[in-house]
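Colleague: This structure is in structure tokens; I'll ask about it shortly.
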Amino acid sequence: MIETVAFDADDTLWESELFFSRAKEQMTKLLQTHVSADQFSHRLLSTQLKNLERYGVGIKGFILSAVEAALELTNRTLPGALTYEIIKIGQSLIEHPVSFCPKAESTIARLCGQYRLLLITKGDLRDQHRKVALSGLADFFDGVEIVPEKDQQTYRMIFSKYDAEPARTMMIGNSLKSDVIPALDAGAWATYVPHPLTWAGEQHREPNEHDRYIRADSLLDVPRLIENVVARKEY
């Protein structure tokens, strides 16, 4: 049987990329007399990916990468006032509300009490703590883990911490790169719940050939899919 169900947070339980996309649109409009939208979009993404090991994923890395990209595209001639505005737009992300993804609250409430529930998310520590607190979902989880990166070693460490046998654990999230592939590599089940605004840096090929990989149309399907796993004769 499945005993432990772990959830990603950003863009699985609540919106995140939506607010980053809006911030990028504001920055693009701010810079429109200096660089094109495509130029800024491409340079921002490449700069974020380059800076991942330095800043990690989250608001601070986004702000610093946006400033760096804008300065590079303008040969470091970007006026100080525009640089300041880019920083202020990025800082506004720290104050955005918790906006739940469809069926997030009801899905967590339905699974609570049936399984050990974990929340495993990555990003800026203070921002993630803020969103967990504002969500009102913290009490549903047996453990909340905020990590700088999600890889095979991270999942194994968390599973061990909660005495969760990987073969009896399912990870659920919108990122193939962070929520699905490393969880499968750690020996767990993984359910992919696509989100239309998943950041380009989290894209990965679907592991359709893997026997512990499941794709869900929405969070609403998750309880049924877990029950299907439990009901498999070979399990």
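None of the figures in this text is laboratory data; all of them are computed from the coordinates on show. Because the structure is a prediction, the values reported are computed rather than measured. Cβ atoms come from the backbone with ideal geometry, glycine included; neighbour counts cover every protein chain shown.
Colleague: List, in order, the whole-Hz ³J(HN,Hα) value for each residue of region 74-79 obtained from phi through the Karplus relation with A = 6.51, B = -1.76, C = 1.60 and θ = phi - 60°; use x for Gly and Pro.
Modeller: My calculation for region 74-79 gives 9, 6, 6, 9, 4, x Hz in order.
Colleague: Take Gln32 and Leu49, extend 7 Å from each Cα along the Cα→Cβ direction, and tell me the distance between the two endpoints in nm.
Modeller: 2.8 nm
Colleague: With springs connecting C-alpha atoms under 10 Å apart, model the chain as a Gaussian network and identify which of Asp179, Asp139, Asp127 has the largest mean-square fluctuation.
Modeller: Highest fluctuation of the listed residues: Asp139.
Colleague: Another question, then. Quick check: convex hull of the Cα atoms in the chain, volume per residue, rounded to a whole Å³?
Modeller: 116 Å³
Colleague: What pairs in Lys29/Lys131; Lys50/Lys150; Lys60/Lys103; Lys29/Lys177; Lys29/Lys50 have C-alpha atoms more than 21 Å from each other?
Modeller: Lys29/Lys131; Lys60/Lys103; Lys29/Lys177; Lys29/Lys50
Colleague: With an 8 Å cut-off on Cα pairs and a minimum separation of 6 or more residues, tell me the relative contact order of the chain in percent.
Modeller: Across the chain, relative contact order equals 26 percent.
Colleague: Here's another thing I want to ask about it. Pull out a ≥ b ≥ c, the square roots of the eigenvalues of the alpha-carbon gyration tensor of region 181-235, then state rounded if a/c is under 1.5, prolate if not and a/b is larger than b/c, and oblate in the remaining case.
Modeller: Here region 181-235 falls in the oblate category.
Colleague: Here is a follow-up. Calculate the radius of gyration of the Cα atoms of region 104-235 to one decimal place, then report Dmax, the largest Cα-Cα distance, as a whole number, both in Å.
Modeller: Over region 104-235's Cα set, Rg and Dmax evaluate to 14.2, 44 Å.
Colleague: Turning to a different aspect of this structure: What is the pair-distance distribution P(r) of region 88-128, computed from all Cα-Cα distances in 5 Å bins starting at 0, with each bin given as a whole percent?
Modeller: Pair shares across the bins are 5, 15, 18, 22, 18, 12, 6, 3, 1.
Colleague: Work out the FRET efficiency for Leu18 and Ala109 from their Cβ-Cβ distance, taking R0 = 22 Å, and round it to the nearest 0.05.
Modeller: That pair, Leu18 with Ala109, gives E of 0.40.
Colleague: While we're looking at this one, here's another question. Calculate, for Glu206 and Ala81, the FRET efficiency according to 1/(1 + (r/R0)^6) with r their C-beta to C-beta distance and R0 41 Å; round to the nearest 0.05.
Modeller: My answer for the efficiency is 0.35.
Colleague: Then there is this: Taking 2.2 N^0.38 Å as the expected size of a compact globular protein, what ratio does the Cα radius of gyration of region 17-95 give against it, to two decimals?
Modeller: 0.98
Colleague: Starting from the Cα of Val230, step 7 Å along the direction of its Cβ; do the same at Ala133; then give the gap between the two resulting points in nm.
Modeller: 3.5 nm
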